[in-house]
Every structure is written in structure tokens, then in C-alpha cells.
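Below is one structure, written out as C-alpha cells; the observations come after it.
The values are calculated or read from the model by the stated rules, or taken from the named source; none is laboratory data. Note that this is a predicted model, so its numbers are computed, not measured. Cβ: placed from backbone, ideal geometry, glycine included. Neighbour counts: every protein chain shown.
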Amino acid sequence: MRKHLLGWIGACITASMLITAGAHAQDKIKVRFGILKTASQAAFYVGAKEGIFAKYGFDVDVKPLTTGVEANQALAAGQVDWSGGGVESTVVAWATGLPFTAYSMYAKGGDSYGILVRNDAHIKSVKDLKGKKVAVPQGTAPAEGLSQVMQLNGMAPGSVHRVNATYGNMGQMLVSGSVDAMVGLEPFVTLTQQKMEGKATLLMRLGKYVQGGGLFLITNAWAKAHPDKVADAVTALWESQKWVRDHPAEAAKIQAKFLNVDPKIVASTFKWLSYNPLVDKFTATSIKKTSAYLAKEHLISHDVDTAKYLKPLQDVVGQVKAKHADLLK
């Protein structure tokens, strides 16, 4: 009798534990997380793989994406709940009224952008770009950086022959000689320079002119459905960023699997990025300049009030910073 009683009690305890575990699993909020296949979004993927987002109550389903434009489209169409967008693609979203909001930076680092030139093009300074063919993605931070350095050097906007390119194909364009220079981002700049084996030189990096990285975006529908979890999502991102800062070698390996590249390539890109979530004065100014640039290039219909769109971010950052300042160390 005693044996049967103990068995029954044990079964009840086991069942209770299973029910509790199931309840905890069900308590996690499902999130479709659109993550771009770039090194700059390492904190997103590392946080998902290392269980950091799960720690804060999220059951994350990673949806790989390719570009900031694709991220905007996926967010606007309700195909993902969270994603990240570069500064320029986020400003475009603001100008067109897409239904999502920025709540934090996922990375920063304008020096991840650079101008690489062919040695046989005899380009020793920015002014030497006059009349040259330059591969650059239209409407991006590198394109804006190129415009700024040209303006500062007294060069007319049309004094270089801009060839529209993607980050992925501009390197081959430079290698083949179809362009004289490329304005791209890491790791493509370094990879192309290595591939050219001494036949290309880095003219300059663009961190003095534009901000790299981008913003953590959440759809308004998801935020409305889970108003008490937005700050948790940001906190989870901050902890993920700290994990990347504290464990760069391990983070590079994890992100390299996501990108299907050599971890050394990701590690080399990390050198030019800061996984810092705060919008500092330089970043705020850079975002404002980006809006003015996109409007001038007629890529958006009007210059937007970027401070207004950054206010929700500043509000949530203030809340998270008050409770989790340790995550900024």
C-alpha cells in the first residue's frame, strides 16, 4: 500500500512538473524575427541562438533576410514582427509612413564603410575621383558619405560617374576593371582588397561622415498587442549586444554559421562595429543628415522630422537604462 502511495505521489509530482514546464513554454511570446545576413546584426542572431531572447520570455523564429528594403517590406506586410534596418532604409520607412517603430540601435560604426580604388586608376585623393567610374549602392549610407566628401572637396555631384551596384557585386566590378573605385561596407571592402593582391588601395573610411549599423524595429501591431514586452525586447537586445562585446570570438563563430562564411571574415568586420544601443549626438545628427540627403536625391518625398521618430526609442531606452545600466558596460 505504502509502495503504491509513493508511486502515485511520484507520478503526480512528475505530471505537475511537466504541466508547469509546458505552461512556462506556452507563456513565451512567439516572435517572427527578420534578421539580415550581415555581420552588423550579429547581436540579433547570437541573442536568439544563445537563448537570451528566450530568457526574457520570447520564443524567437529567425527569418533570414537580405537587405534593409526587404526588412521594411516584411515588417510592413506583417511577415515578421521584429527586424533591423540601416539608418537610410529606416528613414525611408518613416517618410513613407510604414507601420513600425525604432526602439534601439543594434550596432553602430560608420568606419565599416570605405572607398576602395584600383591602383591603376591613379586615385590618390577624393578629388582624383573626378571623371572616374565609382560603384556605389544608390540611397545608402556609403552613397551619402561619398556625396559628403565630394561636397567638402568642392566637387559637383555629377563629377564622378556613379555606377549603381550592390554590396555583393561591386567587388567583382572593381576586380574586373569595369569601375575604378567602389564605395562599400565590410567585409566586402577587405575581401575585395585581399582578392586584388596589392592592386587596390583603401582611399578612406567614412566614419567621420555617416553612421553605420542601424535600428531595432518592431511593428506597431506587435507593440500594441504586447505593450508591456517592448522594454523586455530592448533589454534582451542590450544583453545580446553585451554578450557579443564580451565574447567576440565566439560571437564571430556563431554569426559565421548564419552567414555561411569563414569566422575570420566576421571577426574582421567586428573591428569596425560597435554593439552599442544608444543614439548619441553624432548618430542623431547623422540620421538627420541622411533624411536631408535622401530628400535631396528625391529618394523620399520630403525631409522628415527624425527627432520625432526617435522619441519612442529615447523613451524606451530611458526605461531600460534606469533598470539595466550594467548592460552598457
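Data for the structure
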item	result
Any hit, the stretch 147-157, residues being of a type in the set (S, T, N, Q) and touching a Phe, Trp or Tyr at 6+ places or on another chain (Cβ under 7 Å)	yes
Residue match in the stretch 302-312 (condition: more than 24 Å from VAL234 (Cβ to Cβ) and part of a loop (DSSP other than H, G, I, E, B))	yes
All strands (runs of 3 or more DSSP E) inside the stretch 93-190 with 2 or more residues being among the aromatic types (Phe, Trp, Tyr) and crowded, with 18+ Cβ neighbours inside 10 Å	100-107
Residue in the stretch 64-84 that is under 30 Å from LEU129 (Cβ atoms), crowded, with 24+ Cβ neighbours inside 10 Å, touching a Phe, Trp or Tyr at 6+ places or on another chain (Cβ under 8 Å) and not assigned by TED's automatic domain parsing to the domain that holds ALA135 present	no
Only listed residue being part of a helix (DSSP H, G or I), at pLDDT 95 or above and in the same structural domain as ALA251 (by TED's automatic domain parsing), chosen from PHE53, PHE33	PHE53
Residue in the stretch 277-286 that is crowded, with 17+ Cβ neighbours inside 10 Å and under 16 Å from GLY47 (Cα atoms) present	yes
Hits in the stretch 55-99 - residues which are touching a strand residue (DSSP E or B) at 6+ places or on another chain (Cβ under 8 Å), over 20 Å from LYS37 (Cβ atoms) and aromatic (Phe, Trp, Tyr)	PHE58
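So that you can scan it fast, the table gives a plain yes or no per residue for (1) part of a helix (DSSP H, G or I); (2) within 17 Å of the chain's Cα centre (by Cα); (3) closer than 19 Å to GLY109 by Cα:
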position: TRP243; (1), (2), (3): yes, yes, yes
position: GLU250; (1), (2), (3): yes, no, no
position: ALA267; (1), (2), (3): yes, yes, yes
position: PRO277; (1), (2), (3): no, yes, yes
